[in-house]
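The values are calculated or read from the model by the stated rules, or taken from the named source; none is laboratory data. None of the values given here were measured: they were computed from a predicted structure. Every residue, glycine as well, gets a Cβ built from its backbone with ideal geometry; the counts of neighbours run over all protein chains shown.
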Amino acid sequence: MKWKNYAKSAALAMGNMDIGTMQPFDWLQFGPLFAKEWIDKIRLLKKKCEEQNIPIKELAKLWPTTSSLRCQIYFFILDTRFAKIGKKERIELADFLFEMLKHRAKEDIFGFKSNITKTKQGAIALLKKIKPEKANPKIARLLGKIYNSAYQYACGMYLDFYADYPLENEGPYDVSELFGENTILVIKKFKLLKPTEIWPESEKAPANQVIIYAVYKDVEYRNDLVSVHSVYKGDIINNLIAYAVKVDDVFVYSQDYLEKLNKDFEKIALEQWSTLTNLDIELQKQKGLFIRCFGMKDLFEKVGMDWKPEKEMVEAVKKKPLFDNTFWKLPKDKDEQHKYWLKTLNPELEFNR
């Protein structure tokens, strides 16, 4: 039943996306090039975890975001489809990843409509500690600009489809206990913004981590399995009633500082997208390998593995053309696409194109 529910949530998320807009390529084009080699890396991670008796909950803590874990399960299931991994093993390996998700998510484990990683009281305690300041429409607009510019920068660093490593929206949390009836907290996180191991030039980024804490009144919030696929219902400008912004380890409220932060992210986002899109396709593919591995760097190193892509993985994508729809045969009709994902993303079912 769990995999049926996971596939249902993932299929809904796919219905909210236009894969063709991904730059410089999408995961259906890229992932199959090294699917077998990636599965080998996850096999070894699982084996070493078991040999060293490392509790799954310890590995779960090492994912940069809960959303990235949900998304990597999705990519991994597709990898097993391309590599034609047998049912027994693909379920065992997918279960290994899913067990980590169970330790990360407090509610709505499949991410149907929210991304809850704290208890309600945990969120309340966090706000009591932070003591957010009163908001106004001008601040609300400025925070929106920071979110957009940092978002674009992060996508340029991690590609559109691995952006769940540095990006996560968390919530909504009911905070009516502190702020009155119909108030919620949404936490917007940006992290790993200086991945110098992949992009040495990222050292000049204005921050490595930015967290925006936003308290809204009379606003509804939801997301899908991809937590940055967020939808608000209500007036998010006039109904932002309290906020806090944490840049690296410091809380900042100066409007001048926040305006500069936004401008700095706008500038570096444009520079990064130019750098990424002007790379030769072979270099783009190599960057893609390092990005996928880097997001799980802490997990691999926990068990004593080298986080970087192995020689076999590098060779697997070298001078190989990207995949087209010939293998996946993704239907064009939206209803048929939904049915396709329901079957494809459930590892208990066979893959019938």
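What pairs can you find where one residue is in the range 258-273 and closer than 20 Å to residue 163 by Cα, the other is hydroxyl-bearing (Ser, Thr, Tyr) and assigned to a helix (DSSP H, G or I), and their Cβ atoms are less than 7 Å apart, with a gap of 6+ or different chains?
Listed by first residue and then by second, the contacts come to 262/149; 265/149; 265/153; 266/149; 268/153; 269/149; 269/153; 272/153.
Find all pairs meeting these conditions: Cβ atoms under 8 angstrom apart; at least six residues apart or on different chains; first residue within the range 280-306 and under 30 Å from residue 51 (Cβ atoms); second residue buried (at least 18 other Cβ atoms within 10 Å of the Cβ) and small (Gly, Ala, Ser).
Every condition considered, the pairs that remain are 295/68.
If you check 69, 127, which single one turns out to be part of a helix (DSSP H, G or I), in the same structural domain as residue 175 (by TED's automatic domain parsing) and within 25 Å of residue 193 (Cα to Cα)?
Details: 69 fails: in the same structural domain as residue 175 (by TED's automatic domain parsing).
On inspection, the qualifying residue turns out to be 127.
Pairs only if they're at least six apart or on different chains, beta carbon under 7 angstrom, first in the range 75-92 and in the same structural domain as residue 39 (by TED's automatic domain parsing), second among the charged types (D, E, K, R); list them, first residue then second.
80/90; 83/36; 91/348
Out of all the residues in the range 283-307, which are over 17 Å from the mean Cα position of the chain (by Cα) and more than 16 Å from residue 199 (Cα to Cα)? Write out each step before concluding.
Just the residues of the range 283-307 that are over 17 Å from the mean Cα position of the chain (by Cα), to begin with: 283-287, 300-307.
Residues satisfying the conditions are 300, 301, 302, 303, 304, 305, 306.
Yes or no, residue by residue, for (1) hydroxyl-bearing (Ser, Thr, Tyr); (2) touching a Phe, Trp or Tyr at 6+ places or on another chain (Cβ under 8 Å); (3) more than 20 Å from residue 105 (Cβ to Cβ); (4) at pLDDT 95 or above:
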| site | (1), (2), (3), (4) |
| --- | --- |
| 137 | no, no, yes, yes |
| 141 | no, no, yes, yes |
| 146 | no, yes, yes, yes |
| 156 | no, yes, yes, yes |
| 167 | no, yes, no, yes |
| 170 | no, no, no, yes |
| 182 | no, no, yes, yes |
| 194 | no, no, yes, yes |
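Is it the case, given these coordinates, that residue 86 is surrounded by fewer than 16 Cβ atoms within 10 Å (Cβ to Cβ), of a type in the set (Gly, Ala, Ser) and closer than 30 Å to residue 119 by Cα? Show your work before the answer.
Details: surrounded by fewer than 16 Cβ atoms within 10 Å (Cβ to Cβ): yes; of a type in the set (Gly, Ala, Ser): yes; closer than 30 Å to residue 119 by Cα: no.
So residue 86 fails the test.
Give, as residue ranges, the strands (runs of 3 or more DSSP E) completely inside the range 165-241 that count at least 3 residues that are free of Cβ contacts under 8 Å to residues at least 60 places away in the same chain. Even if it seems obvious, please write down each step before you answer.
Working: elements: 167-174, 183-190, 210-217, 220-223, 230-233.
Fully inside the range 165-241 and qualifying: 167-174, 183-190, 210-217, 230-233.
Looking only at the range 58-90, which residues are within 27 Å of residue 171 (Cβ to Cβ) and either touching a strand residue (DSSP E or B) at 6+ places or on another chain (Cβ under 7 Å) or among the hydroxyl-bearing types (Ser, Thr, Tyr) (or both)?
65, 66, 67, 68, 74, listed by residue number.
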